[in-house]
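I have placed the structure first, in the form of structure tokens, so that the comments after it can refer back to it.
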Amino acid sequence: MSKIADAFKNGKAFIPFITCGDPNLETTAAAVREAEKNGADLIELGIPFSDPTAEGPVIQEANLRALSGGVNTTKIFDFVRELRKDVKVPMIFMTYANVVFSYGAEKFISTCAEIGIDGLFLPDIPYEEKDEFLADCHKYGVDLISMIAPTSAERVAMIAKAAEGFIYIVPGPDVAGDMSGVIPKLKSIADIIRENTSVPCAVDFKISTPEQAKAVADISDGAIVRASVVRLFEQYGTGAPVHVGEFVKSMKEAL
């Protein structure tokens, strides 16, 4: 059974995103440990892909750096297997359907379960096509994470009722960076989710400060931070882990 629910047991969850292998897996491992030590409740690990369509330029560049360093899915599985000798915080993989298909869906998902990955987030798989992976996820006890963007209330409710692990809320591609204008829209989504499921929800919205993290956590069950974490690897390279730890600490304290 997944441990994702544990991430939401003690107040608002803070969820940092880290691209595996940027700039190398040793640095990724150190960053994960720093994140856990400084209060991360769940860690989202990105498996690099050559065409990461759901990403902005910051994470696209991180994918390219990781791939140019020779990272692949098998190496990442071995890396997580080693991490799990001491890292206890729930972890999920974020990647794309082609990565899973090319490895073999059942083999990929069963390996996730074997190495201690709690959930799988595939942003390019719409709700209507999730059954392609759902049976294997249920067979091996890996939660298939649902994503909800601004859409009709009926669709939000439909996705929420079938959700497991936690629900990943995004504001949509057309939303600019004005937090004050986005919060009411995100709150309305979170309210519909709560009317239809007890599965927790967390918001991913261009969060770069503790105040922004608190704002989205106030209307949901947690905050997801992606680009601001990845920028630390772009800026500091192999020296990034200590800065990741400091960043996570400041965010968690704000929640």
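The values are calculated or read from the model by the stated rules, or taken from the named source; none is laboratory data. For clarity, every value in this text was computed on a predicted model and none was experimentally measured. FYI the Cβ positions are ideal-geometry reconstructions off the backbone, even for glycines, and counts take in every protein chain you see.
Sub-7 Å Cβ pairs linking a first residue in the range 1-12 that is touching a residue at least 12 places away in the same chain (Cβ under 8 Å) and of a type in the set (Asp, Glu) to a second residue that is surrounded by 19 or more Cβ atoms within 10 Å (Cβ to Cβ) and assigned to a loop (DSSP other than H, G, I, E, B), at least 6 apart or interchain, are Asp6/Pro90, ordered by first then second residue. For the subset of the range 115-146 comprising residues that are in a helix (DSSP H, G or I) and hydroxyl-bearing (Ser, Thr, Tyr), which member is surrounded by the fewest Cβ atoms within 10 Å (Cβ to Cβ)? So the residue we want is Tyr127.
For Asp78, the stated conditions do not hold, so it cannot be described as acidic (Asp, Glu), closer than 23 Å to Ala35 by Cα and either in contact (Cβ under 8 Å) with a residue 60 or more places away in the chain or crowded, with 19+ Cβ neighbours inside 10 Å (or both). If we keep just the residues of the range 5-42 that are surrounded by fewer than 24 Cβ atoms within 10 Å (Cβ to Cβ) and small (Gly, Ala, Ser), which is modelled with the lowest pLDDT? Looking at the filtered set, the residue picked out is Gly11.
Got at least one residue in the range 183-191 being at negative phi, touching a residue at least 40 places away in the same chain (Cβ under 8 Å) and not hydroxyl-bearing (Ser, Thr, Tyr)? Among the residues of the range 183-191, at least one is at negative phi, touching a residue at least 40 places away in the same chain (Cβ under 8 Å) and not hydroxyl-bearing (Ser, Thr, Tyr), which makes the answer yes.
Say we look at the range 1-43 and pick out the residues that are within 20 Å of Gly239 (Cα to Cα) and acidic (Asp, Glu); which of these is farthest from the chain's Cα centre (by Cα)? So, considering only residues that are within 20 Å of Gly239 (Cα to Cα) and acidic (Asp, Glu), the one farthest from the chain's Cα centre (by Cα) is Glu26. Applying the set (1) at pLDDT below 90; (2) of a type in the set (Ser, Thr, Tyr); (3) in contact with a Pro (Cβ under 9 Å, 6 or more places away or on another chain) to Ser152 leaves exactly one unmet item: (3). When the range 60-112 is limited to residues that are among the β-branched types (Val, Ile, Thr) and in a loop (DSSP other than H, G, I, E, B), the one that is nearest to Leu42 (Cα to Cα) turns out to be Val89. Among the candidates Glu82, Glu61, Glu55, single out the residue that is over 10 Å from Thr19 (Cβ atoms) and out of contact with any strand residue (DSSP E or B) (no Cβ under 6 Å at 6 or more places or on another chain). Of the residues listed, the single one that is over 10 Å from Thr19 (Cβ atoms) and out of contact with any strand residue (DSSP E or B) (no Cβ under 6 Å at 6 or more places or on another chain) is Glu82. What's the total number of residues in the range 122-149 that are out of contact with any Ser or Thr (no Cβ under 9 Å at 6 or more places or on another chain), at pLDDT 95 or above and over 16 Å from Asp204 (Cα atoms)? Residues in the range 122-149 being out of contact with any Ser or Thr (no Cβ under 9 Å at 6 or more places or on another chain), at pLDDT 95 or above and over 16 Å from Asp204 (Cα atoms): 6 in total. Given the criteria of a type in the set (S, T, N, Q), surrounded by 15 or more Cβ atoms within 10 Å (Cβ to Cβ) and closer than 30 Å to Gly69 by Cβ, does Ser208 qualify? Yes; evaluated as a whole, the condition is true for this residue. Only a single item in (1) out of contact with any Gly (no Cβ under 7 Å at 6 or more places or on another chain); (2) free of Cβ contacts under 8 Å to residues at least 60 places away in the same chain is not met by Gly39, and it is number (2). The residue that is farthest from Arg194 (Cα to Cα), counting only those in the range 219-237 that are among the charged types (D, E, K, R) and either touching a strand residue (DSSP E or B) at 6+ places or on another chain (Cβ under 7 Å) or free of Cβ contacts under 8 Å to residues at least 24 places away in the same chain (or both), is Arg226. Taking helices (runs of 4 or more DSSP H) as the structural unit, those lying wholly within the range 147-255 and holding at least 2 residues that are touching a helix residue (DSSP H, G or I) at 6+ places or on another chain (Cβ under 8 Å), under 29 Å from Glu36 (Cα atoms) and small (Gly, Ala, Ser) correspond to 210-218, 227-236, 240-254.
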